[in-house]
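Everything on this sheet refers to the single structure shown next.
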Protein chains: 2
Amino acid sequence: MSDNKKQKKLIYKPESISGFPEWLPEVRRAEQAWFDHIRQVFESYGFCNIETPSVETLDAINAKGGDGGADVDKEVYVLERLHKEEGDKEARLALHFDQTIPLARYTAQHFNDLVFPFKRYQMQRVWRGERPQSGRFREFYQCDIDVINVDQLPLHFDAEMPAIIWEILSSLPGIENENIQIRISNRKVLIGYLESLNIPTPPNGEYTTKLSDKQKTSIVREIDKLEKIGRDAVFHNVDRIGLGFKFGVTFIKPFIDMCEQKFTTGDDIEEAFTNNADIDTSNQMLKEGIEELSFVMDQLSHLPEGAVVADLSIVRGLDYYTGTVYETVFTEDPSYGSICSGGRYDDLASNYINKKLPGVGISIGFSRLFERIRTKGQLPDLGKSPADILMVMPSEEIRKIASETARTLRNRGYNVELAHGGKLKRQLAYAEKKGIAYVWFPPFEDGLDHEVKNMNTGEQKTASPNEWSKDD
Amino acid sequence: MSDNKKQKKLIYKPESISGFPEWLPEVRRAEQAWFDHIRQVFESYGFCNIETPSVETLDAINAKGGDGGADVDKEVYVLERLHKEEGDKEARLALHFDQTIPLARYTAQHFNDLVFPFKRYQMQRVWRGERPQSGRFREFYQCDIDVINVDQLPLHFDAEMPAIIWEILSSLPGIENENIQIRISNRKVLIGYLESLNIPTPPNGEYTTKLSDKQKTSIVREIDKLEKIGRDAVFHNVDRIGLGFKFGVTFIKPFIDMCEQKFTTGDDIEEAFTNNADIDTSNQMLKEGIEELSFVMDQLSHLPEGAVVADLSIVRGLDYYTGTVYETVFTEDPSYGSICSGGRYDDLASNYINKKLPGVGISIGFSRLFERIRTKGQLPDLGKSPADILMVMPSEEIRKIASETARTLRNRGYNVELAHGGKLKRQLAYAEKKGIAYVWFPPFEDGLDHEVKNMNTGEQKTASPNEWSKDD
């Protein structure tokens, strides 16, 4: 048996690669249904699709920008041609780790061919070179929408984003039982508030000093962690930054008090600031932030209660957002983290083009969301096959009529799989295993009728290929 | 203007990366329509979808198999984590260059969870690390279908493949004016014929010697080039291999004569062999090849004339096909090469699993096909936007009713983009530029009607959001 031995030696175990998920056909069917649904909603708001290459130059990837900012340690995958020859000069290429850097490059590159406001959606894989031990996805899907305009972008787009996301998240098949909430803030509120502060100046302690940019950044970073670490830890950390414990209690507490309220209307927000004697709302940026956030909330009043709240603790790390910011959480499990985030930025593509391109965008962390619903066993059971009907093949003699019948039904919009023959019992078992709802029996001999069996009810009836309907 | 100067220094030109195509929204819309169409046809035959990760281990990629075989210099892209740390042990990963190697690994890995015959389609990007100067795609889409079974796979699946491909290629939007032909052969015919030969044995020249495997391989390689180089060059090359010019004329000519005929029915094929006194059809493999090819052609008799022909010159290089083989060409431009190829193989996953898994599959070279129709300017004009309707925003006062009307129409299945305001004239110009067919005017004040303008005809009519239809 030397042949067999030789063959055995070659066999090695096929294995998944950590962080690169793949699904069985039945799971992929649910995933496709999700993509179809998301696409349909995006398009219903007039967003066009683009795809960009999987790679950008390493220079472009390393340029400032992109989501996650300094808070995420962005591990990048670089490509190397296995058969690269000595002297082949080419730019180093890297797989994109988000869809924002590619969008910036794309918008600048095709600027003259795009119609602004440019509303695009993008649903592609992105890659992060995480350590295999981390358990994180290294390849996953994101579904992004962004609106980019030249010079200025009306604020109502900031309200359109969460409306679209809510429509999607409240109707993805399998997600119905999750309580999901979109949380919105505006970075101008916190930054404006910090700008408004006059802190004690040594040695006499008069309240005349402004916070430095570095101090503001540090405080923003602490507020960003509020939900995770709690207010006492925030005070403690602010103390450690060198601002003193008293500073936290005097200046940060009033803002944290506001953070712990959730507002649902513009009036609520404005009232809360007006009534808060500890906050001076005369700062221009703070005022703008409150106005913008109120406007956005008022535009979302048609959504069900609790779908969207204004939450001033939302900061989105230190990245490049300049106004509205979004996060989305499972309200019963906020520690799962945001499944859909984004915000407004002043200038998308300043690396590339001497035009001001403000934008607002939001990104669904598709794979993380899907993974949660999948592991909870809540995905809809769509069967293993897209076939509506299995056309059985009782004998070779009637292959022709079976094939013709299948074609007729396909032309009428049904998905029809032609069985490959063999014992009838096994053909029926095959339909059952694949979750195909109907089995069609072409006439076994001249003069007989077609018959269709409903696999769910077991009922079997005569049928005509030109007239039969699922609803019969 | 030091600020401006500083900014200018940062700006660099956004550029395409050679071999990594991307499209403007209007082209992408056509591309999406193609994918949707291909998916719909694949599913109408009961094929389920899978996706595999973009990467496999380099070991798996380098294992025997995959399409293209030794004829294509497969350049592979290897991934490197930019921030890989000393001591991080992990398998080397490479981007897949086809969808067959991933399918083999997938089928073996999930063997116990799949229902056989396993009919799957896969439409993903693949990567080939071509030199940037080559002008070839380095990232492109392939659309594959394969049927895999355990132990043996009925032959009628070999006929289903071209029927599906024909249905797709004859109805992709924009491809209508191309003359496309699927060419089918069976490798057993040529291999069987070569096996049947008795060639002269030195020194006495008796016709008793069989061709060696190496000689057969060389001849197969020459026949594969027949259409490109012509029969005289084939004879010349066979001479150079050391078989002599006379060998070519005596033994290769009869087969080339057959190659230059195109057969459309099983009877034609069988008749041609029977009537060819120079070919001995008693060889078992040759017989099988003729029978199989005839069966496949007979199953395709419902297709229009010229859609599918049997062409014995089709060999598909030296790769792993063992029976039926397919190629697809533009009949007016065969030098463009095959846009859709495949065949039958004995054993998909022998590297991984101790089971015999025969299969048959075919792959649409999506990007090459799309690129041809695109560069010929034949893609359908689907506009730059999926929106059916632009909802104009004549003033901020009626934003609420405009938004509500948009929601009503979306719920009725229309894609509605909400204009962002500004001068009405500019909003209309925007609809025109984006190719949005209808512009909706919500009532400018209480008591007025909604109105809709058809941008193609210029006609403007009153309408109700709950009743309006495109066909009105």
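The values are calculated or read from the model by the stated rules, or taken from the named source; none is laboratory data. Just so we're clear, the structure is a prediction, and the values are computed from it rather than from any experiment. In this analysis, Cβ positions are derived from the backbone assuming ideal geometry, glycine residues included, and neighbour counts consider all displayed protein chains.
May I ask you to list the residues in the stretch B:102-119 that are surrounded by fewer than 23 Cβ atoms within 10 Å (Cβ to Cβ) and under 28 Å from B:W34 (Cα atoms)?
Passing the criteria: only B:P117.
Please determine whether any residue of the stretch A:297-311 is assigned to a helix (DSSP H, G or I) and buried (at least 20 other Cβ atoms within 10 Å of the Cβ).
Kept after step one, since they are assigned to a helix (DSSP H, G or I), are these residues of the stretch A:297-311: A:297-299.
Going one step further and asking which of them are buried (at least 20 other Cβ atoms within 10 Å of the Cβ), we end up with A:297, A:299.
Within the stretch A:297-311, one or more residues are assigned to a helix (DSSP H, G or I) and buried (at least 20 other Cβ atoms within 10 Å of the Cβ).
Given the conditions (1) crowded, with 23+ Cβ neighbours inside 10 Å; (2) under 22 Å from the mean Cα position of the chain (by Cα); (3) at pLDDT 90 or above, report the number of the one that A:I389 does not fulfil.
Of everything listed in (1) crowded, with 23+ Cβ neighbours inside 10 Å; (2) under 22 Å from the mean Cα position of the chain (by Cα); (3) at pLDDT 90 or above, A:I389 misses just condition (2).
With respect to the numbered conditions (1) modelled with pLDDT of 95 or more; (2) outside any helix (DSSP H, G or I); (3) closer than 29 Å to A:V150 by Cα; (4) not basic (K, R), which one is the sole condition not fulfilled by A:M285?
For A:M285, the failing item is (2).
For the stretch B:358-375, which positions are over 22 Å from B:G317 (Cβ atoms) and either more than 22 Å from the chain's Cα centre (by Cα) or of a type outside the set (D, E, K, R) (or both)?
Residues satisfying the conditions are B:F370, B:I373, B:T375.
Answer yes or no as to whether B:Y326 is among the hydroxyl-bearing types (S, T, Y), modelled with pLDDT under 95 and surrounded by 21 or more Cβ atoms within 10 Å (Cβ to Cβ). Lay out the reasoning, then the answer.
Details: among the hydroxyl-bearing types (S, T, Y): yes; modelled with pLDDT under 95: no; surrounded by 21 or more Cβ atoms within 10 Å (Cβ to Cβ): yes.
So B:Y326 fails the test.
Would you mind finding the one in A:N354, A:N415 that is of a type outside the set (F, W, Y), assigned by TED's automatic domain parsing to the domain that holds A:R138, in contact with a helix residue (DSSP H, G or I) (Cβ under 8 Å, 6 or more places away or on another chain) and on the phi < 0 side of the Ramachandran plot?
Working: A:N415 fails: assigned by TED's automatic domain parsing to the domain that holds A:R138.
Answer to the check: A:N354.
Quick check on B:Y321: is it assigned to a loop (DSSP other than H, G, I, E, B) and not charged (D, E, K, R)? If you could, list the steps in order and put the result at the bottom.
Details: assigned to a loop (DSSP other than H, G, I, E, B): yes; not charged (D, E, K, R): yes.
Yes.
Test B:D158 against the criterion of being acidic (D, E), surrounded by 18 or more Cβ atoms within 10 Å (Cβ to Cβ) and either assigned by TED's automatic domain parsing to the domain that holds B:F47 or touching a Leu at 6+ places or on another chain (Cβ under 7 Å) (or both), and give yes or no.
On the way: acidic (D, E): yes; surrounded by 18 or more Cβ atoms within 10 Å (Cβ to Cβ): yes; either assigned by TED's automatic domain parsing to the domain that holds B:F47 or touching a Leu at 6+ places or on another chain (Cβ under 7 Å) (or both): yes.
It is true that B:D158 is acidic (D, E), surrounded by 18 or more Cβ atoms within 10 Å (Cβ to Cβ) and either assigned by TED's automatic domain parsing to the domain that holds B:F47 or touching a Leu at 6+ places or on another chain (Cβ under 7 Å) (or both).
Taking the condition of being within 14 Å of another protein chain (Cβ to nearest Cβ) and not charged (D, E, K, R), how many residues in the stretch A:267-305 meet it? Can you show your working first?
Within the stretch A:267-305, the subset within 14 Å of another protein chain (Cβ to nearest Cβ) is A:295-296, A:298-304.
With not charged (D, E, K, R) added as a condition, the list becomes A:295-296, A:299-304.
Residues in the stretch A:267-305 being within 14 Å of another protein chain (Cβ to nearest Cβ) and not charged (D, E, K, R): 8 in total.
Just name the residue that is nearest to B:K453 (Cα to Cα) out of those in the stretch B:392-408 that are more than 9 Å from every other protein chain (Cβ to nearest Cβ) and touching a strand residue (DSSP E or B) at 6+ places or on another chain (Cβ under 6 Å).
Of everything passing the filter in the stretch B:392-408, B:V392 is nearest to B:K453 (Cα to Cα).
Taking A:T201 as meeting all but one of (1) more than 30 Å from A:S363 (Cα to Cα); (2) crowded, with 17+ Cβ neighbours inside 10 Å; (3) of a type in the set (V, I, T), write down the number of the exception.
(2)
Going through B:K216, B:K188 one at a time, which residue ends up being out of contact with any strand residue (DSSP E or B) (no Cβ under 6 Å at 6 or more places or on another chain), at pLDDT 95 or above, not hydroxyl-bearing (S, T, Y) and not in a loop (DSSP other than H, G, I, E, B)?
None of the others qualify; the one that does is B:K188.
Looking at A:L153, A:L172, A:L211, which one is modelled with pLDDT under 95, part of a loop (DSSP other than H, G, I, E, B) and either surrounded by 15 or more Cβ atoms within 10 Å (Cβ to Cβ) or within 14 Å of chain B (Cβ to nearest Cβ) (or both)? Steps first, please.
Values: A:L153 fails: modelled with pLDDT under 95; A:L172 fails: modelled with pLDDT under 95.
The unique qualifying residue is A:L211.
Only one residue in B:N415, B:N456 is more than 22 Å from A:Y45 (Cβ to Cβ) and either among the hydroxyl-bearing types (S, T, Y) or under 39 Å from the mean Cα position of the chain (by Cα) (or both), so which one is that?
Details: B:N415 fails: more than 22 Å from A:Y45 (Cβ to Cβ).
Matching residue, one of B:N415, B:N456: B:N456.
For the stretch B:428-452, which residues satisfy the criterion of being within 14 Å of another protein chain (Cβ to nearest Cβ) and surrounded by fewer than 20 Cβ atoms within 10 Å (Cβ to Cβ)? Reasoning before the result, please.
Residues of the stretch B:428-452 within 14 Å of another protein chain (Cβ to nearest Cβ): B:428-440.
Of everything in the stretch B:428-452, those that are within 14 Å of another protein chain (Cβ to nearest Cβ) and surrounded by fewer than 20 Cβ atoms within 10 Å (Cβ to Cβ) turn out to be B:L428, B:A429, B:E432, B:K433, B:G435, B:A437.
Tally up the residues in the stretch A:405-418 that are in contact (Cβ under 8 Å) with a residue 12 or more places away in the chain and either under 13 Å from A:Y438 (Cβ atoms) or of a type in the set (D, E, K, R) (or both), please. Lay out the reasoning, then the answer.
Step one: list which residues in the stretch A:405-418 are in contact (Cβ under 8 Å) with a residue 12 or more places away in the chain, which gives A:405-406, A:408-409, A:412, A:414-418.
Adding the requirement that they be either under 13 Å from A:Y438 (Cβ atoms) or of a type in the set (D, E, K, R) (or both) leaves A:405-406, A:409, A:412, A:414-417.
Counting residues in the stretch A:405-418 that are in contact (Cβ under 8 Å) with a residue 12 or more places away in the chain and either under 13 Å from A:Y438 (Cβ atoms) or of a type in the set (D, E, K, R) (or both) gives 8.
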